[in-house]
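For reference, the structure is listed below as structure tokens.
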Amino acid sequence: MQIQTTAEDQRIAWLAALAITIHILESAFPSPLPGVKPGLANVITIVVLMEFGWRSAAWVSLLRVLCGSLLLGTFLTPTFLLSLSGAVCSIGILWLACRLPGRGFGPVGFSLLAALAHMTGQFTIAWLLFIPHPALWRLFPVLLTAALLFGTVSGIIAGGISNRQQQCTT
Amino acid sequence: MTRADRVLMAIVLCSLPLLYLHFWTPGAADYSDSAGGVTQGADAGTATVLRIQSAGTAANTTPLAPDRQIQVPGPMGESTIEIRAGQARFLESPCPGKVCVHSGWLSEAGQLAACLPNRISIQLLGSRPRFDAINF
């Protein structure tokens, strides 16, 4: 049986492979705090969003979470659930951000929004499912600060890669 | 950076200190024992209620205020819990080992005594327990 693939499918596969590679390389680095990591794979998501639109970015992001977890052996573990909820949240907020009238956000804005949404989403899931203790919320500002830092850095990198100054499409 | 980027960055930078202020101010959030559903006032650290758990029944919380003795029925018979001067203990129990009685007085929030044969446990609760558990 031959599955018909379009040029877009192949492009998404290439970009997702790139994102997965970065994701796995990054998992080799130790993390100072659970939940904190640079999230450099999101650079790819933002570049794809700027260049090819929201639909491709959503595919690349979700494929990265799925395949990354399969390769790292975390599929269907709490780690995977947190990663997935974060990715779904950030893709959701990017969908909204794409609909901003006018010139809209640039790569830094998109990246920052995605990072904050990712952190908020996975933190909420962690609190609801795994550690339902009110004291956990003390970590929240710290984690958001990390998200602000890494989100901005990722955005600047993404901006350097994608030089096109254009409104993102859906 | 576009204008939207700068506005977003400004909003985030302004709201982060507010988040720190909200979550890091003592007393801003309620860290009471969620299992007992107890909220207390200023005298944190000291116990104010006693939770009595008997097998097969819902946990029962009772204030430490009037000194008294409480009969708690279990599979082996009735155990007697004594409350005096803000402390609590097993006074009598029909069990063979009397480990519960020898546990003595419980005086601080978080302390627990249990009678396993009679399947009854008592624990002091307060707004800020000094520890989660103790091993002997």
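Worth pointing out:
- Once the trypsin sites (Lys or Arg not before Pro) in DSSP loops with at most 12 neighbouring Cβ atoms within 10 Å are cut out of chain A, the longest remaining piece is A:1-98.
- Per-residue shielding of B:2-11, expressed as the average number of other chain Cβ atoms within 10 Å of the residue Cβ, stands at 6.
- Chain A, helix-only ellipticity at 222 nm - DSSP H runs n ≥ 4, -39,500 (n - 2.57), divided by all residues, nearest 500: -23000 deg cm²/dmol
- Whole-number D in µm² s⁻¹ for the range A:78-129, Kirkwood Cα-pair radius fed into Stokes-Einstein, 10 °C, 1.306 mPa s: 141 µm²/s
- Evaluated on the protein assembly as shown, the Kirkwood hydrodynamic radius is 23.2 Å, with distances taken between all distinct Cα atoms.
- Shape category assigned to the range A:7-161 from the gyration tensor of Cα positions, a/c cut at 1.5: oblate
- Comparing A:THR77, A:THR124, A:THR45 in a Gaussian network model of chain A where C-alpha atoms under 10 Å apart are linked, the largest mean-square fluctuation is found at A:THR77.
- Across peptide A:1-11, the average count of Cβ atoms from other chains found within 10 Å of a residue's Cβ is 0.
- Exercise: per-residue mean of other protein chain Cβ atoms within 10 Å, A:127-137: 2
- Legend: P(r) of the range B:49-125 from all alpha carbon pair distances, 10 Å bins from 0, whole percents, reading 22, 60, 18, 0.
Values quoted throughout were computed directly from the atomic coordinates according to the rules given, and no laboratory measurement underlies them. As the structure is a computational prediction, the values presented were derived from the model and not from experiment. Cβ sites come from the backbone with ideal geometry, for glycine too, and all protein chains shown count toward neighbours.
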